[in-house]
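Any read-out appearing in this document is the output of simple, stated calculations on the displayed coordinates, not a laboratory observation. Predicted model, so just to flag it, every value in this text is computed and none were measured. Cβ sites come from the backbone with ideal geometry, for glycine too, and all protein chains shown count toward neighbours.
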Amino acid sequence: MSTPSPSGAPSAPPLLIIPDINISKGVDGIFVGYVLSTILLGVTILQAWNYAHNNRDSWKLRSLVALLVSLDIGSTVSSSIFIHKYLIEHFGNFLLLSTVNHGFLVEFIITVVVIFLVQLFFASRVHMLMPKNYILPGLIVLTAVLGFGASIYTIVDQFRHNNVSDLDLAGIRISVGFDQVMILFSDGIATVVLCWHFAKASAQSRVKGTVAILQNLLAYTVTRGLLVTLTDVVFMIMFFINRTNLDWMPLHLSLSKLYVITMIALLNARPGNKRNNTVLSEMNSFHLSTTGPTNTIGSTTRRPQEFSLPSKEFSDSSNERKDVLITEERAVYDDSHKFSAV
């Protein structure tokens, strides 16, 4: 009850002073990661928009891209849920900041699935490049499966131990480390194989336009490999330096976005998807063809050259079997009904 003032009017109640508590140390990693991943989602949508308007791929590959983009959006929605719970719904509840929210675990599951699907995609591309070699695609798949299994173990363990301090448990530390090593192996093998084939094709091609295309694909592949590898390595280092301060969260929340963005960017890097040029597409091989008008010089009609990246057999007009590694020079009839190389 307020006491009367000397003038007879009641005095104002004392002000409630709320101490200024800085909780940024506990939530900075989560907040920065959320902002960064949301920005990257915009890049994902832009890449998906370009892909949807330019691709000529089969329904299987388009469905995979649509699934990955949907999962990426779901990852951001899950991040929004646990950010809302931490900073808005339970604002001021400092004890809650020390627990692992289920929304984060859902985001973790989505990230693991996205990485696994992208790795399987690149394993299938390597197999198409090397149809008789089962070792390298098998290694990519094996390391992807082992990494996926280790990630699932980590998620299950986090459901059982939902405190941030439980990240120091030996089982979680081992599973996270094993998962990251398997991811590095899987991505590394796929990147090296693709780069080797693109570089070899570029060196053997005699057409400047094709060389430029292959060098562009090589640059995208190298950039993609370096980006995801660097992100995984820095994430692993930061996680093991201090697991409980969550400074590694920006990298973790960005992982699924980087995998989706780099995969779709590589698909979009294929030249002239609207002109029947297909590289890395859902076909029996990586196929790159140059299209354009036929040129007539004298009595000889010169048609566009076609190039195939994989080692693949084909039957020409004389039914002879030939191995085609990179460049295929097909013979066509000229006006005198003789074969001439083009």
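List every residue whose amide H lies under 5 Å from the amide H of THR99, counting only residues 5 or more places away in sequence or on a different chain, with H placed 1.01 Å from N in the peptide plane.
Excluding prolines and chain starts, which carry no amide H, the hits are VAL164.
Net charge near THR143: determine it from the other residues with C-beta under 13 Å of the C-beta of THR143, scoring Lys and Arg +1 and Asp and Glu -1.
That works out to -3.
Report, in debye and to the nearest 20, how large the dipole of segment 64-161 comes out about its Cα centre when Lys and Arg carry +1 and Asp and Glu carry -1 on their Cβ.
The calculated dipole for segment 64-161 is roughly 300 debye.
Determine the dipole magnitude for segment 24-273: charges of +1 sit on the beta-carbon of Lys and Arg, -1 on that of Asp and Glu, nothing else is charged, the reference point is the Cα centre, and the result goes in debye to the nearest 20.
Around 1080 debye, computed over segment 24-273.
Count charges around PHE159 for me, please; just the other residues with Cβ under 14 Å from its Cβ, Lys/Arg as +1, Asp/Glu as -1.
Local net charge: -2.
Based on other C-beta atoms within 10 Å, arrange LEU230, LEU255 from fewest to most.
Ordered by Cβ neighbours within 10 Å, fewest first: LEU230, LEU255.
What does the convex hull of the Cα atoms of segment 82-139 come to per residue, in Å³, rounded to a whole number?
Taking only Cα atoms, segment 82-139 has a hull volume of 76 Å³ per residue.
Using Cβ contacts closer than 10 Å as the measure, can you line up SER165, SER205 from fewest to most?
In increasing order of surrounding Cβ atoms, one gets SER165, SER205.
Under 12 Å from the Cβ of SER256, count the other residues' Cβ atoms, weight Lys and Arg +1, Asp and Glu -1, and hand me the total.
Surrounding charge for SER256 is -1.
Between ILE261, ALA219, ASN242, whose Cα lies farthest towards the positive end of the dipole of segment 198-272 when Lys and Arg beta carbons carry +1 and Asp and Glu beta carbons carry -1, centred on the Cα centre?
ALA219
State to the nearest 20 debye the size of the charge dipole of segment 138-259 about its Cα centre, where the only charges are +1 on K and R beta carbons and -1 on D and E beta carbons.
With only Lys, Arg, Asp and Glu charged at Cβ, the dipole is about 620 debye.
Report the Cα-based extents of segment 150-222 along its three principal axes, largest first, to the nearest Å.
In descending order, the Cα extents are 60, 15, 15 Å.
So what is the orientation-averaged projected area of segment 24-273, using the convex hull of its C-alpha atoms, in nm²?
In nm², the orientation-averaged hull projection of segment 24-273 is 13.9.
Arranged by the count of other C-beta atoms within 10 angstrom, fewest first, what order do ILE241, ILE83, ILE109 take?
ILE241, ILE109, ILE83
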